[in-house]
Amino acid sequence: MNTIKTTTITESNDLRHSFTIVKGNQRTKIKIRLNDECKNGHEDFSITADVDEKNDRGMWREYMGGCCHEHILSLRPDLAPFVALHLSDCTGYPMHGMENAFYWFAGFNNVGEKYHGGSGSDGKSPEKCREIFTEHIRATPEQVAAIVEANPRTKEELQATLEDMGFPAQWKREAQSAIAQLEAWTGKTFVSQATRGGYKPLTDEVRAVIKERRESGYYSPEQTAARDEAARIARKEKRIAAVKMEHESALAKLNNKTAVALLLAEYFDGDSNVIYYDHTGELSFNWSTCNRLHTREEFDAFSLWAADKLPAGLACKWNDAPKRY
């Protein structure tokens, strides 16, 4: 008699748990997961909810869903750690951690960035940028005040500040605590199978540059103001140069168009089946079905006559007949 052995799989990189809470006429299913649901090579935390409401006939209807974090916390305040970790990876590193952190940090600190959380028509207020930054890196108001005091001016400098303050270790502890809770709920042991992502510390070379800058007074108010002013002047000069270049290009096109129009008026008696394309610099013969087609001999004669009269870079193009689309 053959005996079939069964094993219990306790290790997984896919932990899921849910709660269903009925309160009043609402039924809320809270779903927590840590897995690679997006198939992007790393496991992320997520906490969402599906909320149904009971109508007058006693039937449940979909009411709302998704990241209803305020609603979730109103029912289960103890799930706040999972709300804070939403979209962070299994090491606790926030999604697009340093990029998003600097984007929002620049929104309430003048670091010379053109695009940040406070820029554009839908830019947030400095207060809102500070709030989002605080939530993104999961910091206390005191920690944010210390970061501002350190006066980081670039993404790398901000990362160095966060590393010096122990944020990567803090993020990891928060993730490990949440993982332990999920393991207790699911009865599984989390084992990551991530192939990408995760926090990448600054290299020694980058840190050496930052250290040298700090010691040399690079971050002093005077030098910072001087660099900001130089950057402002450079941006202004770049805009002026772009306007002048655009003007010169438009003027050259207009001059060529005028010169071609005068040549055509001089050579042909009346309308001609010739068009000038200023984006290609071509005089195209026989482009229209509305006018008489020119013969090849007429094209060759015009090309010979206009050879030393056309603006530099312009060419004549022969078509047997108009293109049909």
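The values are calculated or read from the model by the stated rules, or taken from the named source; none is laboratory data. The model shown is predicted, which means the values in this text are computed figures rather than measured ones. Every residue, glycine among them, receives a Cβ derived from its backbone with ideal geometry; neighbour counts consider all protein chains shown.
Some points to look at:
- Among the residues listed as Thr289, Thr280, Thr258, Thr224, the single one being within 30 Å of Asn109 (Cα to Cα) and not assigned by TED's automatic domain parsing to the domain that holds Gly112: Thr224
- When residues of the range 49-60 are limited to those that are surrounded by fewer than 17 Cβ atoms within 10 Å (Cβ to Cβ) and either at pLDDT 95 or above or of a type in the set (Asp, Glu) (or both), the one farthest from Leu34 (Cα to Cα): Asp56
- Residue that is surrounded by fewer than 12 Cβ atoms within 10 Å (Cβ to Cβ) and either out of contact with any helix residue (DSSP H, G or I) (no Cβ under 6 Å at 6 or more places or on another chain) or farther than 28 Å from Lys39 by Cα (or both), where the choices are Ala139, Ala160, Ala106, Ala184: Ala184
- Residue check, Ile210 over 25 Å from Cys38 (Cβ atoms) and within 30 Å of the chain's Cα centre (by Cα): yes
- Test: residue in the range 220-232 that is farther than 30 Å from Thr154 by Cβ and in contact with a Lys or Arg (Cβ under 9 Å, 6 or more places away or on another chain): no
- Of the strands (runs of 3 or more DSSP E) lying entirely inside the range 1-113, those carrying at least 1 residues that are out of contact with any strand residue (DSSP E or B) (no Cβ under 8 Å at 6 or more places or on another chain) are 15-23.
- Unmet requirement for Ser12, which otherwise passes all of (1) within 26 Å of the chain's Cα centre (by Cα); (2) small (Gly, Ala, Ser); (3) more than 30 Å from Tyr219 (Cβ to Cβ): (1)
- Within the range 200-213, at least one residue is within 20 Å of Tyr103 (Cα to Cα) and loosely packed, with under 13 Cβ neighbours inside 10 Å.
- Contacts under 8 angstrom Cβ, first residue in the range 131-157 being part of a helix (DSSP H, G or I) and modelled with pLDDT under 95, partner polar (S, T, N, Q) and buried (at least 17 other Cβ atoms within 10 Å of the Cβ), 6 or more apart: Ala150/Thr161
- The set of residues from the range 157-173 being under 13 Å from Gly97 (Cβ atoms) and of a type outside the set (S, T, N, Q) comprises Leu158, Leu162, Glu163, Phe167, Pro168, Trp171, Lys172.
- Ala307 without any contact (Cβ under 8 Å) to a residue 60 or more places away in the chain and more than 28 Å from Ala252 (Cα to Cα): no
- Looking across the range 4-41 at every residue that is out of contact with any Phe, Trp or Tyr (no Cβ under 8 Å at 6 or more places or on another chain) and among the aliphatic types (A, V, I, L, M), the one that is modelled with the lowest pLDDT is identified as Ile4.
This table checks each residue for (1) at pLDDT 95 or above; (2) of a type in the set (Phe, Trp, Tyr); (3) surrounded by fewer than 11 Cβ atoms within 10 Å (Cβ to Cβ).
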position	(1), (2), (3)
Thr224	no, no, no
Glu229	no, no, no
Arg239	yes, no, yes
Glu246	yes, no, yes
Val260	no, no, no
Gly270	no, no, yes
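- Restricted to the range 293-325, and to residues there that are of a type in the set (Phe, Trp, Tyr) and surrounded by 10 or more Cβ atoms within 10 Å (Cβ to Cβ), the residue that is nearest to the chain's Cα centre (by Cα) is Trp318.
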